[in-house]
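Scroll down for the structure; my scribbles are underneath it.
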Amino acid sequence: MTSSQWVPLKPGDTIGILGGGQLGRMLALAAARLGLRAQVFSPDPDSPAFDVVQNATCAEYADVEALELFASDVSVITYEFENVPSATAMILAARRPVLPDPKVLETTQDRLAEKDFVSKLGIPTARYADVNSAATLRAAIGKIGLPAVIKTRRFGYDGKGQAIIREGDDPDAIWADLETKAAILEAFVPFEREISVIAARGSGGEVVCYDVTENEHQDHILKFSYAPARIPETLAEQARTITKTIATALGYVGVLAVEMFVVPGADGPTLLVNEIAPRVHNSGHWTLDGASVSQFEQHIRAIAGWPLAHPVRHGTVTMTNLIGDEILDHGKWLTVPGATVHLYGKGAPRPGRKMGHVTEVKPAGPAAK
Ligand code: AMP
């Protein structure tokens with residue numbers, strides 16, 4: 001079955017979710033609220049998403065038989081992570097609609113393809129160069145200058161697979177440490193802040209953006225999100241326009257996040273696109289409690305072929321990630337007035353592991369007359 005044979009889902013239909021982490025869990029919960037069922041496919045028996053669904057498939061992504069059975073149980077398939085192996089996506093897409101279309105992954109799984117794609121749309125990014133050896137790294141440094149950031153083209157996340165290169169560093173040693181054959185070098189961006197736009201594109205092409213989110217990282221991991229971002233409205237509008245252009249050019253169906261840098265300039269701040277996440281995103285978790293419809297429900301609506309919501313933000317929102325041992329403080333958070341605590345049901349709190357988050361919504365005051 002192809003996407004063109006796809007018809008809107010009915011309440012009671014089942015959505016297949018590839019990946020069993022917290023994003024899959026929150027997608028499954030959102031589906032349940034709309035009267036839809038979810039079946040989660042994950043190789044990890046301890047997947048937190050398994051706890052909230054009746055039907056789960058615990059198998060490797062290369063297990064063709066398990067994939068075929070999974071596909072036969074569901075009406076539409078989506079994913080909670082961008083590194084879905086292409087063979088897995090192809091097997092599934094031959095049997096059921098997979099949304100967003102796995103073709104999107106060819107662009108977003110590869111930082112070079114992604115940057116080329118964004119640049120061809122006329123959207124600014126940091127200056128970048130293709131690197132595949134110590135020699136090409138030296139050439140790229142000559143072209144881009146220092147400081148710069150080297151990133152593996154694939155499988156990087158939360159600052160893994162990347163390093164800053166400064167004046168005096170040894171490019172040969174940095175290249176050897178990266179243990180990759182394919183990377184890109186980016187100019188280091190002296191950003192003033194980081195923002196993201198969470199948007200949904202429906203099957204009919206409509207794009208709905210949430211208010212722009214401002215993100216603060218600690219040790220390369222998202223720690224706080226603030227909505228709305230503290231940026232001028234003209235810049236926020238530009239960020240939404242960029243996101244709409246990207247979602248439309250990808251032929252996207254579902255929720256995506258576009259991460260951007262806000263760069264100070266003589267004529268005011270400007271935007272550079274850093275990364276596209278073809279999925280619901282940590283910087284959109286504030287929408288669970290801070291908006292009338294969350295990013296998770298919005299994604300489910302999009303892939304179900306249902307109308308998108310036009311979410312209303314309830315106030316000024318702060319989202320705080322509980323990372324590693326911070327989960328041990330959840331009892332304190334439970335008593336904070338106005339705070340909503342989300343725990344992901346994960347086992348051991350390893351350093352850097354996202355264990356839960358807290359949202360705090362300060363209601364907007366009465367509108368000025
Ligand atoms: P990424 O994996 O591309 O999302 O990068 C992770 C984080 O590293 C970003 O959120 C930024 O804080 C930082 N970073 C990435 N690329 C650059 C860059 N070109 N210049 C400065 N900081 C960067």
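The values are calculated or read from the model by the stated rules, or taken from the named source; none is laboratory data. Keep in mind that what you see is a predicted model, and the values were worked out from it rather than measured. So basically every Cβ, Gly included, is an ideal-geometry build from the backbone, and we count neighbours across all protein chains shown. Just so you know, the surface numbers come from the protein's heavy atoms only, side chains and all, with ligands and any DNA or RNA stripped out. Shrake-Rupley method; radii C 1.70, N 1.55, O 1.52, S 1.80 Å.
Highest mobility in the GNM of the chain, judged by mean-square fluctuation with C-alpha springs under 10 Å and restricted to PRO147, PRO278, PRO228, is found for PRO147. Projecting the Cα positions of ALA62, LEU23, SER119 onto the charge dipole of the range 1-128 (unit charges on Cβ atoms of Lys, Arg, Asp and Glu, taken about the Cα centre) puts SER119 furthest along the positive direction.
Stretched out straight at 0.36 nm per residue, the stretch from ALA339 to ASP130 would grow longer than its current Cα-Cα span by 70.8 nm.
The label point for ARG350 and the one for ALA32, both projected 7 Å from the Cα toward the Cβ, are 2.6 nm apart. Residues within the reach of a label modelled at VAL64 (point 7 angstrom out along Cα to beta-carbon, backbone nitrogen below 17 Å), restricted to the range 88-109, are 88-96.
If you run the Gaussian network model on the chain, springs between alpha carbon atoms under 10 Å, then out of PRO264, PRO337, PRO349 the most flexible one is PRO337. In the chain, the portion of solvent-accessible area held by carbon and sulfur atoms comes to 53 percent [1.4 Å probe, whole percent, DNA, RNA and ligands not counted]. Note that the range 3-98 presents 44 Å² accessible area per residue, ligands and nucleic acids not counted, probe 1.4 Å. Normalised by 2.2 N^0.38 Å, with N the number of residues, the alpha-carbon radius of gyration of the range 193-363 equals 1.04.
Once the C-beta distance of SER86 and VAL263 is scaled by a Förster radius of 35 Å, the resulting FRET efficiency is 0.55 to the nearest 0.05.
Look at the alpha carbon pairs under 8 Å that are at least 6 residues apart: their mean separation over the length of the range 127-187 gives a relative contact order of 51 percent.
Net charge in the neighbourhood of LEU23 (other residues with Cβ under 9 Å of its Cβ; Lys, Arg +1, Asp, Glu -1) is +1. Given the range 225-279, what whole percent of its Cα pairs are spread farther than 13 Å? Everything past 13 Å amounts to 63 percent.
What does the net charge come to around PRO124 if you take all other residues with beta carbon closer than 13 Å to its beta carbon, with K and R at +1 and D and E at -1? So the surrounding residues net to +2. Dipole magnitude for the range 302-369: about 140 debye, using +1 per Lys or Arg Cβ and -1 per Asp or Glu Cβ, origin at the Cα centre. Relative to one another, the C-alpha centroids of the range 116-141 and the range 162-189 are positioned 13 Å apart. From largest to smallest, the equivalent ellipsoid semi-axes obtained for the chain from the alpha-carbon gyration tensor read 31, 26, 21 Å. Length gained on full extension, LYS332 to ASP170: 53.7 nm, using 0.36 nm per residue less the C-alpha separation. What nm value, rounded to one decimal, do you get for the distance between GLU179 and LEU121 when each label is placed 7 Å out toward the C-beta? Taking the two extended label points, one gets 3.4 nm.
Electrostatic bookkeeping for ALA163 treats Lys and Arg as +1 and Asp and Glu as -1; over the other residues with beta carbon under 12 Å from its beta carbon, the sum is -2. Screening the chain for whole DSSP H helices with an alpha carbon extent of at least 20 angstrom along the helix axis and a mean Kyte-Doolittle hydropathy of at least -1.0 yields 233-249. The distance linking the range 192-270 with the range 336-352 is 25 Å (Cα centroid to Cα centroid, whole angstrom).
Here the Gaussian network model covers the chain, with springs between Cα atoms less than 10 Å apart; of THR316, THR335, THR108, THR335 fluctuates the most.
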